[in-house]
Amino acid sequence: MSEQQDKVINKESSTYRVQGFSCANCAGKFETNVKKLPNVHDASVNFGASQISVQGEASIEELEKAGAFENLKVIPKTTTRTTSNSKDEQEEKNPFYKKHSTLIYSALFMTLGFISMFINGNENIVTALLFITSMIVGGASMITTGLKNLIQLEFDMRTLMTIAVIGGVLIGEWAEVSVVVILFSISESLERFSMDRARASITSLMDVAPNKALIKRNNQEMTVHVDDIVVGDIMIVKPGQKIAMDGIIIDGYSSINQSAITGESVPVEKYKDDDVFAGTLNEEGFLEVKITKRVEDTTISKIIHLVEEAQAERAPSQAFVDKFAKYYTPVIIAIAAMVAVLPPLFFEASWDKWVYQGLAVLVVGCPCALVISTPIAIVSAIGNAAKKGVLVKGGIYLEEIGALKAIAFDKTGTLTKGVPVVTDFKVINNRVDEREILSIIAALEYRSQHPLASAIMNKANTEHIFYSDIIVEDFSSITGKGIKGSIDGRMTYVGNSKMFSELLTANNENKVRNLISSLQEQGKTVMLVGTDQGVEAIIAVADEVRETSQQALHKLHQANVENTVMLTGDNQNTAGAIGNQVGVKDIKAELLPEDKLKVIKQLKSKYKRVAMVGDGVNDAPALAASTVGVAMGGAGTDAALETADVVLMGDDLNKLPFTIKLSRKTLNIIKANITFAIIIKIIALLLVIPGWLTLWIAILSDMGATLLVALNGMRLMRVKENE
């Protein structure tokens, strides 16, 4: 071990990666051991992410000594994504025969033992020595830990197995005990393998972004490690390259594949002044990007951090299993003792037979399958969601979202895009040129501070109409009505119907009023354009509905969400038009932020479990009050990442029905795993009554249950959005 590793870490809180966890019980024991270290104030193991957070001072040597019972390897965790790629942190890629050498040697001695038993008989000293050697080679670590646990009166699965092995040796069951030791080692390896596969979904996220980037400094191009890149550097990204850092495009345009961040399958067009994210793929253009965040602050780094934290959050079902397992093991030991002792004492039964049955009870009682049933499902589901652009911040939210009865949606930026666009432009006076009048409107709005001005200017830009150089005189804003200005000596007005109430001439009054009413009924904001002579054009602006909103609402109703509510500060007409278009069941309009909070509380009192979907900033009180707060478009938005319980990284509401489906499948698999693990134990224990339970059956039932539970939980990694 290097001097650098041995030195004491003086930080208040440090996080380390841990290699070698074989089970959740072992992780808990490691946490307990670390807490007992002299200068450690507190410690918390994240079994899902294979990490431990330590408050206080502890050296790597001390931590590894605390995990010596399982030969754990502890590695300091850096803040950058280079951690996942460093050779120090990855287990050596040893050949299979080296990685499992003890198991192979143990199996070899066991095979020789059976050959000796066939030739020399079961009572032969050579046969006994071969089987005992097999046990020592394959079970030394387990037996050492089990004996320490017995001395300290700590009971876990290794304690049960150690008692069973010692008892089996004492009654001369050499062959069966050696098989039990090997099968238990195989079971632990399978458990470790399945958890590693589940964690791999997070590891793959870490490897999304490259560790080096091409940077331009002082007019020179150089390849720089991401740790050495600073905010303000200019990064060059060529076609076909992955983007290494978050930044803003200062030159060029391209199509960017953002699936690693947002889960979007379709590439997004990016232009000058648009944000780009580390880990996304530049498909076709040459880009110059100004770095805006340090490597540890990039969106992909925050996603990884939040997902790792989420794996540490225990779901209610996991808390139940942990509590159950705490009392389960001592109960199994008590039952085994009664099975071994009571029949010979009270019914004159054979001691050999019932001691053997008691040992089998200990083996079958190992809670391996039960303990792994929940964490493997939670880790698999959270990892799958993250890869599809959904951040779930813990098992508790993963469980809650599947039980939602009502969902409230903010309108602007959630059901709609949050960006106003011109939807209708109609010239009333046929003597006026359409392009000319649009240039005049844009020239006036160019000088306006009105929120809808950008929509009109975007309309003019799209149609390549120039307006910024048009000279406007006597420009003024009329509060509550609109704006006016003189162009080429002609005063033009842009505003609402109040401004034009006196200018609506008899010739076009009915036509204009009918058109205004029709557009307003569609939830659009209507502006009139004209002069002192009358109205010349009508322009309507609206916040566009997201393409996915209607489809998402339909899927939610199909998923038996009882009520969907739209919350907005807009007037009733606009709210009604948008709400009817997307298909919500209820509409609450003209609400202040505090009113949204009241609505959420009312919904909770009626439906118990309610989600609020918003932008993560303006809707913070409502998000906090809901059972599950869901933020839209978290990519690059720190506030959304921090405030919500679930974050939809892209702007796709269809991720919400997928998350609900994933949650429900997770709950079903957890329940099935727990039920199956308990039923297998009960069936095996019932075999004690006729005296049919053997050590072979006991260990095979435990190993089989563990394997099936693990495979069932790992199915969550393959849940798709459109199944």
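Can you tell me how segment 589-715 classifies by the Cα gyration tensor, rounded, prolate or oblate, using a/c under 1.5 as the rounded cut? Judged from the Cα gyration tensor, segment 589-715 comes out prolate (a/c at least 1.5, a/b above b/c). Relative to the dominant Cα principal axis of the chain, helix 509-521 is inclined by about 10°.
Restricting segment 537-572 to GluC sites (Glu not before Pro) that sit in a DSSP loop and have at most 14 other Cβ atoms within 10 Å of their own Cβ leaves Glu547, Glu562. Per-residue accessible area (protein heavy atoms, 1.4 Å probe) orders Thr162, Thr144 as Thr144, Thr162, starting from the largest. Computed across segment 372-458, the Kirkwood radius stands at 18.0 Å (inverse of mean 1/r, all Cα pairs). Lys and Arg at +1, Asp and Glu at -1: add these up for the other residues within a Cβ distance under 13 Å of Tyr356 and post the number. Cβ neighbours under 13 Å give a net charge of -2. By a 1.4 Å probe calculation restricted to protein chains, Leu147 has an accessible surface near 70 Å², given to the nearest 10. Largest first, the three principal axis extents of the alpha carbons in segment 462-505 are 31, 25, 22 Å in whole numbers. With all protein chains in place and ligands, DNA and RNA left out, the 1.4 Å accessible area ranks Thr223, Thr525 as Thr223, Thr525, largest first. Taking the longest Cα principal axis of the chain as reference, the axis of helix 351-364 is set at about 20 degrees.
Computing FRET efficiency as 1/(1 + (r/R0)^6) for Glu123 and Arg664, where r is the C-beta to C-beta distance and R0 is 60 Å, gives about 0.55.
Checking the a/c ratio against 1.5 first, then a/b against b/c, what shape does the Cα gyration tensor give for segment 444-534? Oblate, because a/c is 1.5 or more while a/b does not exceed b/c.
For helix 125-151, report the angle its Cα long axis makes with the longest principal axis of the Cα atoms of the chain; keep it between 0 and 90° and round to the nearest 10°. Once rounded, the angle reads 50 degrees. Mean sequence separation of contacting Cα pairs (under 8 Å, at least six apart), scaled by the length of segment 587-634, corresponds to a relative contact order of 36 percent. Given R0 = 56 Å, the distance between the Cβ atoms of Ala349 and Lys585 translates into a calculated FRET efficiency of 0.25. Accessible-area rank, largest first, for Lys405, Lys498: Lys498, Lys405, with all protein chains present and a 1.4 angstrom probe.
Cross-link pairs exceeding 23 Å in C-alpha to C-alpha distance, out of Lys588/Lys608; Lys388/Lys606; Lys242/Lys555, comprise Lys388/Lys606; Lys242/Lys555. Counting only Cβ charges, +1 for Lys and Arg and -1 for Asp and Glu, the dipole size of segment 411-468 around its Cα centre is about 220 debye.
The packing ranking of peptides 362-368, 553-559, highest mean first, is 362-368, 553-559, where packing means the average number of other beta carbon atoms within 10 angstrom of each residue. If a/c stays under 1.5 just call it rounded; otherwise compare a/b with b/c (prolate if a/b is bigger, oblate if not). Do that for the chain, with a ≥ b ≥ c from the square roots of the Cα gyration tensor eigenvalues. Here the chain falls in the prolate category.
Taking the Cβ of Arg435 as the centre, find all other residues whose Cβ is under 13 Å away and add up their charges (Lys, Arg: +1; Asp, Glu: -1). Net of charged neighbours comes to -3.
Relative contact order (percent) for segment 496-579, with alpha-carbon contacts under 8 angstrom and 6 or more residues of separation? The value is 30 percent. Among the listed pairs Lys585/Lys665; Lys411/Lys511; Lys604/Lys720; Lys405/Lys601, those with a Cα-Cα distance over 20 Å are Lys585/Lys665; Lys411/Lys511; Lys604/Lys720. Of the whole protein surface, Arg513 contributes about 100 Å² of accessible area at a 1.4 Å probe radius.
Using the 1.4 Å probe convention, the accessible area of segment 566-723 works out to 43 Å² per residue with neighbouring protein chains retained. In percent, rounded to a whole number, the relative contact order of the chain is 13, using alpha-carbon pairs under 8 Å and six or more apart. Here the chain is assigned +1 on the Cβ of each Lys and Arg and -1 on the Cβ of each Asp and Glu. Its dipole about the Cα centre then comes out at about 1620 debye.
Among beta bridges from DSSP that stay inside the chain, the antiparallel ones total about 80%.
The longest part of the chain holding none of the exposed loop chymotrypsin sites (Phe, Trp or Tyr not before Pro), meaning those outside H, G, I, E and B in DSSP with at most 14 other Cβ atoms within 10 Å, is 1-270. The residues neighbouring Ala577, those whose beta-carbon lies less than 12 Å from its own, together hold a net charge of -1 under the Lys/Arg +1, Asp/Glu -1 convention.
Dipole orientation for the chain: of the candidates Val379, Ala460, Ala244, Val379 has the Cα lying most toward the positive pole (charges on Cβ; Lys, Arg +1; Asp, Glu -1). Using a probe radius of 1.4 angstrom, the carbon and sulfur fraction of the accessible surface of the chain is 54%. Reducing segment 441-497 and segment 212-263 to their Cα centroids gives an inter-centroid distance of 39 Å. Here the label points at Val230 and Asp251, each 7 Å from Cα along the C-beta direction, are separated by 2.1 nm in the simple model.
Going by Cα centres, segment 568-610 and segment 335-382 are how many Å apart? Distance between centres, Cα-based: 55 Å.
The values are calculated or read from the model by the stated rules, or taken from the named source; none is laboratory data. Only a predicted model underlies this, so the values are computations on that prediction, with no experimental measurement involved. Methodologically, a virtual Cβ is constructed for each residue, glycine included, from the backbone with ideal geometry; neighbour enumeration extends over all protein chains shown. Keep in mind that these areas ignore ligands, DNA and RNA; they rest on the heavy atoms of the full protein, side chains included. Shrake-Rupley method; radii C 1.70, N 1.55, O 1.52, S 1.80 Å.
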